[in-house]
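To start, the structure under review is shown below, and the notes come after it.
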Amino acid sequence: MNELVVVNNLTKVYEKKKIALDHMNLIIPRGKIIGLLGPNGSGKTTLIKLVNGLLTATEGEILINGSQPGPESKSCVSYLPERTYFQNSMKISELISFFTDFYKDFRPERAKMMLSNLGIHEDARLKTLSKGTKEKVQLIMVMSREAQLYILDEPIAGVDPAARDYILKTIISNYNENATVLISTHLISDIEKVLDEVIFIRNGRILLHDTVENIRECKGKSVDAYFREVFAC
Amino acid sequence: MLGKLLKHEWKAVWKVPMLLIGILMIMAMVAGFTFVLPVWDSEWVGLPLSGVMLIMLFYFTIIAVSIGITIYFAVRYYKNMFTDEGYLTHTLPVSARQLLLNKVITMSAWNLIAIVAVGLSLLLFGGITLWALMPKDSSFAREVIESFAEAIEGWPEALSSPYMKGFTGFCISLLLMVLSGSFSGTMMIVGSINLGQMVRKHRILGSIGAYFAINAVIQMFNMMVMMPVMFGVENSVSRWEGDMSPFPMFTRFYMIMTVITLAAAVGLYFMSEYLLRRQLELE
């Protein structure tokens with residue numbers, strides 16, 4: 001079974017009848033790095049939240065590894081939200097012990113090595129760190145798991161170009177060949193070189209799901225250029 | 001997984017309530033030690049008044065600590081479950097039931113600890129007061145101690161007297177009420193916050209509104225059930241005889257209140273679990 005995530009007829013309607021996802025169908029395979037791309041309000045974050053069980057679908061279903069979002073799926077999905085979500089009062093060492101306790105696939109030695117590479121002390125409390133460093137800590141914790149699916153929502157949005165390179169390097173060097181990485185971002189040119197496939201979303205519908213190679217061959221342009229053409233205002 | 005959740009929850013929360021309880025104990029000692037100070041015999045009214053103020057401050061600290069612990073856990077529950085921190089809480093590989101049980105058990109336990117701490121602070125205050133008064137008025141202190149000793153000595157005999165009938169049942173009902181009160185108090189907070197999340201645009205306001213609404217419904221139900229019991233009590237009082245024990249009446253009161261609040265708490269628990277499992281919407 002090569003399908004990791006299967007989305008069937010998924011619809012999400014918020015209050016005041018705002019349709020965020022409109023009868024979406026999607027299959028996410030194993031072993032790929034996939035870019036989830038679309039303009040603001042296209043439904044990227046809604047889809048990600050639904051996969052993680054943080055929202056309730058209005059209609060349709062999501063199957064991750066054959067099961068609906070729940071404890072089983074959460075044990076194989078490693079999710080990085082687009083916000084700082086750890087308790088500020090915690091020390092990094094406490095976070096490591098927290099992740100070790102709850103995620104069987106968490107590798108504390110890997111997290112410690114990455115923290116040491118970046119010169120971040122394990123004894124530091126999160127509230128003493130800058131926003132950029134907090135984001136790096138979050139990414140390190142998420143990528144230190146041997147998950148089957150990594151979902152990274154805007155992982156490089158708030159950091160400087162040097163940190164972006166580090167983050168991309170971390171993503172590529174830490175995911176295993178059978179796992180899939182789903183990255184949602186606006187900064188396509190920065191991540192294009194690491195992507196295998198892209199998914200374009202507009203108004204809660206899938207506009208395109210293709211390999212990067214195909215887009216380059218058939219359209220004769222980069223994903224970034226094609227994105228600008230498709231979503232031109 | 002519930003064990004791990006409880007371990008991390010306990011580790012994260014113990015400092016704040018313990019600090020508040022520490023302050024309460026210090027205030028109990030300060031209030032008790034005012035009786036050592038030579039302020040009570042002063043002719044200037046300001047000095048005994050300041051002693052009274054310190055004792056009053058202890059009284060207000062009891063209220064502040066009880067409310068403070070409740071608010072601390074309510075805010076923590078809201079933050080952990082429905083703000084940015086919820087992105088970690090709800091992506092842990094645990095069920096909604098385990099998440100909820102973890103919070104409910106921890107909050108109920110701290111409610112109980114707070115009740116015990118208030119009791120201990122009163123004992124501490126009383127003990128220090130007695131100790132402080134002993135050198136000043138040894139006969140008074142001796143009388144108090146002797147009365148205690150007499151009461152303990154005569155306890156078995158007193159228990160068998162007709163006006164103490166049902167005392168054991170009364171104590172059990174009181175204990176049950178305190179225990180169920182810790183759980184139902186927790187569920188009032190948890191249930192209100194969960195229900196408040198249904199008001200998507202004004203979640204905090206929704207939670208506060210839900211708290212008052214749930215409280216009003218429980219009070220109304222309490223009144224409806226208590227009314228016939230009250231009439232029964234009135235009849236008993238009109239037929240009152242000197243050797244009748246008041247305890248069975250209180251026991252009945254407490255048991256009814258316990259059953260009502262417990263039933264409401266259980267209802268709120270299942271509603272909360274349903275809302276977390278089926279209606280979760282993180283912003």
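The values are calculated or read from the model by the stated rules, or taken from the named source; none is laboratory data. Predicted model, so just to flag it, every value in this text is computed and none were measured. Because the Cβ atoms are built from the backbone with ideal geometry, glycine has one as well, and the counts that use them run over all protein chains shown. In case anyone asks, the SASA skips ligands and DNA or RNA and just uses the protein heavy atoms, side chains included. Shrake-Rupley method; radii C 1.70, N 1.55, O 1.52, S 1.80 Å.
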Practice problem: Could you state how much accessible area B:E283 has, in square angstrom rounded to the nearest 10, with a 1.4 Å probe and all protein chains kept in place? | Solution: 110
Exercise. Between B:Y59 and B:I204, take the C-beta separation as r, use R0 = 25 Å, and let me know the FRET efficiency to the nearest 0.05.
Key: 0.25
Quiz item: In the protein assembly as shown, carbon and sulfur make up what percent of the accessible area (probe 1.4 Å)?
Solution: 64
Quiz item: On full extension of the chain, what length is gained from B:R97 through B:L133, given 0.36 nm per residue of separation minus the C-alpha to C-alpha distance?
Solution: 7.6 nm
Quiz item: After finding the eigenvalues of the alpha carbon gyration tensor for the range B:1-153, what semi-axes result from the square roots of 5 times each, listed largest first in whole Å?
Solution: 44, 18, 9
Quiz item: Quick one: how many Å² of A:H121 are accessible to a 1.4 Å probe, rounded to 10?
Solution: 140
Quiz item: Given the pairs A:K32/A:K91; A:K169/B:K103; A:K49/B:K11; A:K74/B:K103; A:K12/B:K4; A:K18/A:K134, which are separated by over 31 angstrom at their Cα positions?
Solution: A:K32/A:K91; A:K169/B:K103; A:K12/B:K4; A:K18/A:K134
Quiz item: How much accessible area per residue does chain B have, in Å², with a 1.4 Å probe?
Solution: 55
Quiz item: Relative to the Cα centre, what is the charge dipole magnitude of the range B:158-283, using +1 at the beta carbon of each Lys and Arg, -1 at the beta carbon of each Asp and Glu, and rounding to the nearest 20 debye?
Solution: 340
Quiz item: Where both residues lie in the range A:3-230, what percent of DSSP beta bridges are antiparallel, nearest 5?
Solution: 55
Self-check item: B:C171 paired with B:E146, simple spin-label distance in nm, labels 7 Å along Cα-to-beta-carbon
Solution: 2.6
Quiz item: Of B:L268, B:L19, B:L122, which has the largest mean-square fluctuation in a 10 Å C-alpha GNM of chain B?
Solution: B:L19
Quiz item: Given labels modelled 7 Å from the Cα in the Cβ direction, how far is it in nm from A:K91 to B:V75?
Solution: 2.4
Quiz item: Out of B:L130, B:I113, B:F73, whose Cα points farthest toward the positive end of the dipole of chain B (charges: +1 Lys, Arg; -1 Asp, Glu; placed on Cβ)?
Solution: B:F73
Quiz item: Gaussian network model of chain B, Cα springs within a sub-10 Å range: biggest mean-square fluctuation belongs to which of B:M27, B:M226, B:M81?
Solution: B:M226
Practice problem: Please work out how much length the chain gains when fully extended from A:I27 to A:T58, using 0.36 nm per residue of separation minus the C-alpha to C-alpha distance, in nm with one decimal. | Solution: 9.2 nm
Quiz item: Semi-axes of the equivalent ellipsoid of chain B: what are they in whole Å, largest first, if each equals the square root of 5 times a C-alpha gyration tensor eigenvalue?
Solution: 41, 29, 18
Quiz item: Hey, if we sort B:S180, A:S222 by accessible area with the 1.4 Å probe, largest down, what's the order?
Solution: A:S222, B:S180
Quiz item: Roughly how much of B:V30 is accessible, in Å² to the nearest 10, using a 1.4 Å probe?
Solution: 60
Quiz item: Given R₀ = 41 Å, FRET efficiency for A:K17-A:E122 by Cβ-Cβ distance, to 0.05?
Solution: 0.25
Practice problem: Please report the relative contact order for chain B, taking Cα pairs under 8 Å with a sequence separation of at least 6, and give it as a percent rounded to a whole number. | Solution: 23
Quiz item: Could you list log10 I(q)/I(0) for the range B:159-269 at q = 0.10, 0.15, 0.24 Å⁻¹, which the Debye formula gives when each Cα is one point scatterer?
Solution: -0.41, -0.73, -1.22
Quiz prompt | Overall Cα dimensions of the protein assembly as shown, principal axis frame, Å, largest first | solution = 102, 53, 40
Quiz item: For the range A:3-230, what is the convex hull (Cα atoms) projected area averaged across all directions, in square nanometres?
Solution: 12.5
Quiz item: If you build a Gaussian network model of chain B, linking Cα atoms that sit under 10 Å apart, which residue out of B:F167, B:F140, B:F212 swings the most?
Solution: B:F140
